[in-house]
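Note sheet for the following structure.
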Amino acid sequence: MINTSHHHHLLDDEDENSLLHNDSIENKHHDLISENNDTKLLTFEEAVTEIGFGTYQLLLMQVCGAGWLFDGIELSMISFIIPQLTDQWNMSEVQAGSLGSCVFFGMMIGAWFGGIISDRIGRRWIFCGSVFITSMFGLASSFSFNYWTFLFLRFFVGLGLGAMVPTDFSLYMEFIPPANRGAILGVLNIYWSIGAALECLIGWACLNPNFFSLATGWRWCVALSSIPGFVIFISRLFVPESPRFLLLRHRTKEVHNIIKDMANMNGFTKDGKNSWFTRKNGWRLILPKITHQLTVWEQVKNLFSKDYFLGSILLWIIWFMMSYGGWGFNFLLPIVFAKLQNNNVYLNTFYVTAVGLVANIITIVIIDRISRRALMASTFILTGILTACVGINSDPIPVLVISMLANFFSVYPWQVVYTYTPEFYPTAFRATGMGLCSAFTRLAGTITPVVGEVLLKTSYFVPFLTFGIALFVAGVCAVFLPRDTLNVSLEDVAHESHFSAHKTTSHYGIEELSQGESQQTLTEGLLINEKDNENL
């Protein structure tokens, strides 16, 4: 139980923290200074803002971005090896489509449970374990001796990928300042495009009959695609737990150490402008006020509370339609290229992926300058129209050009959705909300390969028309999202609300300062009653 004595005591980093009730979450906490020792009071987000984006965040970006690169490799691979597996195992269209569906079914389960678990026990366990699971089962699937073995092993690949992606986003965004959060998170999408482009090269080398036989080429492709995951797993062992998660558990010693490491790596010194970050008693954290830790049911139930219900429903529809249209487009395109112009399938896919990389770079520049909802809605609708036009002509050149345009504009809404969603939910159930949204994405991905393969038998136009309609619907839903999150501080607990018009209850407390120092002006009337913390 947290000490809520009405007497001040000496608080070093090793001590448990007393919480004080602050009546206004709008205070500029970093301007509050003790008269005696210049101790600053600030929230974690204000500490990150003071430190800024630097070496610490760049290194973490490489580790998180590598996970997205791995996701791009694994998801792009299936489309390339399906023709070889179809010939070797005499698969039907439904069986061929199910190879992609089983991965997405695993991702759906992984996203849902991964989000809940990471909100309960910490982001780091899922952050590391998901990559290891994906790599192990990915490598094992290269030794599959029949269709069912491959299907079973790829399900667990999807389980790992599903848990990894929402956790990566939730963890990384908690380390970065709010001003350019969208742009910084957008860089992660570039890694996905790089992974997809890299898989084009792996597929070209391994599935080339001049290099490997039909029986062994796909095995090399699957095995080589899994290798990066082991390297990524090792690098993730050095990443700390989410500081926002630690704050909700009042593990402030670890948060202090993380902030100090961040300040040191970003160039803060004892003699610098902000040297107070390096002093033992130079600053104290303003903590989220927690009456008890949420149960799993409460994590889920909060998604349906007044402030989040409409947004949650709309986000589920958006994520489902985005995946059905976007993944359907990416899944069928190499197959269509193979049917229309077999010799250029890898090159054409590379062209389509390359324009997506360019669009990612442009998105980084504009995402923090334009309303999240406006950018999401307009680009979803435009992408839907272009995607529906892909199947109008069976000539390879128009198909390639329209596909490049569709992929170019599809990058914008995907990037905004992945930024908006974790911003929308508070830390207490951010990964749960992100995980459930991701689960809807994977549900759509589960049915898309089978539906796409079946519809492709009728014509090129029909499947791409359905993909375009889905993306158009996602754009319409984005218009009605309840609030914009551009440049808004992250919430830690529900109803902390930076969005609500009525801010009658504070959700913050303050770490007590050194014994014997007068803090009357800061703490008078702010002590939390002992009974408020009985459930901690």
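The values are calculated or read from the model by the stated rules, or taken from the named source; none is laboratory data. Values in this document were obtained by computation on a predicted structure and should not be read as measured data. Positions of Cβ are backbone-derived with ideal geometry, glycine not excepted, and every protein chain shown enters the neighbour counts. Calculation scope for accessible area: heavy atoms of the full protein, side chains included, ligands and nucleic acids excluded. Shrake-Rupley method; radii C 1.70, N 1.55, O 1.52, S 1.80 Å.
Enumerate the helices (runs of 4 or more DSSP H) found wholly within region 173-263, keeping only those where 2 or more residues are basic (Lys, Arg) and in contact (Cβ under 8 Å) with a residue 40 or more places away in the chain. If you could, list the steps in order and put the result at the bottom.
Details: elements: 181-206, 214-236, 243-248.
Answer list for region 173-263: 214-236.
What's the number of the only condition in (1) modelled with pLDDT under 95; (2) closer than 25 Å to Val231 by Cα that Leu99 fails to meet?
Unmet condition: (2).
Looking at region 141-152, which of the residues that are among the hydrophobic types (A, V, I, L, M, F, W, C) and over 26 Å from Ser118 (Cα atoms) is surrounded by the most Cβ atoms within 10 Å (Cβ to Cβ)? It would help to see each step written out before you state the result.
Of the residues in region 141-152, the ones among the hydrophobic types (A, V, I, L, M, F, W, C) are 143, 145, 148, 150-152.
If we keep only those that are over 26 Å from Ser118 (Cα atoms) as well, we get 143, 145, 148, 150-151.
Numbers: Phe143: 12, Phe145: 8, Trp148: 11, Phe150: 22, Leu151: 17.
The selected residue is Phe150.
Within region 153-164, does at least one residue satisfy the condition of being over 18 Å from the mean Cα position of the chain (by Cα), of a type outside the set (A, V, I, L, M, F, W, C), open to solvent by 10 Å² or more (accessible area, probe 1.4 Å) and at negative phi?
no
Mind listing whichever residues of region 231-252 are of a type in the set (D, E, K, R) and under 16 Å from the mean Cα position of the chain (by Cα)?
Once the filter is applied, which keeps residues that are of a type in the set (D, E, K, R) and under 16 Å from the mean Cα position of the chain (by Cα), region 231-252 yields Arg236, Glu241, Arg244.
Does at least one position in region 432-453 carry a residue that is open to solvent by 10 Å² or more (accessible area, probe 1.4 Å), touching a Leu at 6+ places or on another chain (Cβ under 6 Å) and at pLDDT below 85?
no
Results for (1) in contact with a Cys (Cβ under 9 Å, 6 or more places away or on another chain); (2) surrounded by 19 or more Cβ atoms within 10 Å (Cβ to Cβ); (3) closer than 25 Å to Ser79 by Cβ, shown as yes or no for each residue.
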position	(1), (2), (3)
Ala179	no, no, no
Ile184	no, yes, no
Ile194	no, yes, yes
Asn208	no, no, yes
Phe212	yes, no, yes
Val222	yes, yes, yes
Val231	no, no, yes
Val239	yes, no, no
Leu248	no, yes, no
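Please enumerate the residues belonging to region 363-384 that are crowded, with 24+ Cβ neighbours inside 10 Å and under 12 Å from Met322 (Cα atoms).
Met376, Thr379, Phe380, Thr383, Gly384
Identify, by number, the condition in (1) in contact with a helix residue (DSSP H, G or I) (Cβ under 6 Å, 6 or more places away or on another chain); (2) over 27 Å from Glu254 (Cβ atoms); (3) open to solvent by 10 Å² or more (accessible area, probe 1.4 Å); (4) of a type in the set (A, V, I, L, M) that Ile51 doesn't meet.
For Ile51, the failing item is (2).
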